[in-house]
Amino acid sequence: MDTNNLKISSTVSLEHILHFWEQNDILIFMVDLNDYDTLSTDHLDDIEKEHLERLQTEYFKKRYITSRMVLKYILCRLLNERAISDISMYKDKYGRVHVRDHKELHICISYTEKIVTLAISKIEVGVDVELRKLRSLTNISKYLHTTHLHAGTYANGHDLLMIWTLKEAYCKFSNKSIFSNFNNELNLKNICHSNYIINNKYILAVVTDSDQYTINISCLQEIACNGNSA
């Protein structure tokens, strides 16, 4: 499978995001959870707080709070809102995040260990990120269509992990239940997809319905969350 090797050696600040948005169709930000030790729920609305209460572990709670907080700060810049409280988001029945009153924006979120990946796009997009490490081939292959395995095309763990990542990105792009699609053969005929290996550590898959787009992938600098304004 063709991949793009991407080396990201520095971080970008919140102040530069609007410039990137003016130059690109898709922005993808990798956010380090370790940058955020003290978290506040002040930026969450009542529905988001209800969802937070249902999460069982501190890890899941931290990544949920961080992803929503950072995403709202980004959107506040892109939409020229005065405060992050002006940003309202909701999830549909398959878990896709939408920005209320902004159908022109497409959002996709992915997690892997201590990394949150946020995609903000002018076109429909699905992304998934995975830590580039060997998993049990049995655990991966049982969720993949057996055609890939019988053909012998994807013989090693890294290739299988790339297929896994691409399939998750495809499910998010198509906005269908992940579990209902995992056992189906991956049909790439009517979509465009790109695969990246970032800093030789992470695998990132991006799925769209057009190959006519520009994309920027970067690591986001820690945001100083010192209030409601961005």
Select from region 162-176 the residues that are aliphatic (A, V, I, L, M) and at pLDDT 90 or above and write down the one among them that is farthest from R96 (Cα to Cα). L166
Within region 57-67, can one find any residue that is out of contact with any strand residue (DSSP E or B) (no Cβ under 6 Å at 6 or more places or on another chain), under 20 Å from Y213 (Cα atoms) and either surrounded by fewer than 18 Cβ atoms within 10 Å (Cβ to Cβ) or free of Cβ contacts under 8 Å to residues at least 40 places away in the same chain (or both)? no
Assess whether I223 counts as being of a type in the set (V, I, T) and modelled with pLDDT under 95. yes
Would you mind telling me which numbered condition in (1) in a loop (DSSP other than H, G, I, E, B); (2) surrounded by 13 or more Cβ atoms within 10 Å (Cβ to Cβ) F20 fails? (1)
Does L71 fit the bill of being touching a helix residue (DSSP H, G or I) at 6+ places or on another chain (Cβ under 9 Å), surrounded by 14 or more Cβ atoms within 10 Å (Cβ to Cβ) and not polar (S, T, N, Q)? no
Positions within region 73-85 being closer than 13 Å to H102 by Cα and assigned to a helix (DSSP H, G or I), in sequence order: L75, C76, L78
Residue within region 5-12 that is at negative phi, part of a helix (DSSP H, G or I) and not aliphatic (A, V, I, L, M) present: no
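The values are calculated or read from the model by the stated rules, or taken from the named source; none is laboratory data. Quick caveat: nothing in here was measured; it's all calculated off a predicted structure. Cβ atoms come from the backbone with ideal geometry, glycine included; neighbour counts cover every protein chain shown.
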